[in-house]
Amino acid sequence: ILLIVAGNLPAQYVPHQERGDPNARRKSNFDANNVRATAFNFGFNGRTAAVPDEIPFEWPKYTDREYIAIKTMFLGGEVVDTNGDTIHIV
């Protein structure tokens with residue numbers, strides 16, 4: 001029975017249309033105030049994988065002492081829709 005049910009499920013995940021274009025993703029290394037790290041334009045900072053040009057949070061800089069591998073931020077908001085209802089977006 002499980003195989004029959006599994007056969008009816010979609011075979012591939014389709015991302016939502018409002019998702020950002022992965023081809024527009026960028027990263028930049030910053031080196032300031034005795035700290036080095038990589039920042040990404042999709043909300044991550046640090047190293048996303050074992051990529052040599054991505055720097056986790058290193059302090060003091062150029063010592064290979066890495067304290068934070070990756071961090072991200074979560075944003076939320078409060079909006080009023082067209083019906084006047086307050087909606088919390090997270």
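The values are calculated or read from the model by the stated rules, or taken from the named source; none is laboratory data. In this text, all values refer to a predicted model and were calculated from it rather than measured experimentally. When we count neighbours, we look across all protein chains shown, and the Cβ atoms used for this are built from the backbone with ideal geometry, even at glycine.
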Exercise for the section: Scan segment 73-82 and give yes if some residue there is of a type in the set (S, T, N, Q), at pLDDT 90 or above and closer than 14 Å to Val35 by Cα, otherwise no. Expected result: no
Handout entry: Total residues in segment 28-72, condition outside any loop (DSSP other than H, G, I, E, B), under 19 Å from the mean Cα position of the chain (by Cα) and among the acidic types (Asp, Glu)
Key = 0
Practice task
Under 6 Å between Cβ atoms, at least 6 apart or on separate chains: pull out the pairs that start in segment 19-47 with a residue that is without any contact (Cβ under 8 Å) to a residue 40 or more places away in the chain and surrounded by 11 or more Cβ atoms within 10 Å (Cβ to Cβ) and end on any residue that is in a loop (DSSP other than H, G, I, E, B) and aromatic (Phe, Trp, Tyr).
Solution key: Arg25/Phe42; Val35/Trp59
Practice task
Filter segment 73-90 for residues that are over 25 Å from Asn45 (Cα atoms) and part of a strand (DSSP E or B) and give the result.
Solution key: Glu78, Val79, Val80, Thr86, Ile87, His88
Handout entry: Qualifying positions in segment 16-56 - touching a strand residue (DSSP E or B) at 6+ places or on another chain (Cβ under 9 Å) and of a type in the set (Lys, Arg)
Key = Arg25, Arg26, Lys27, Arg36, Arg47
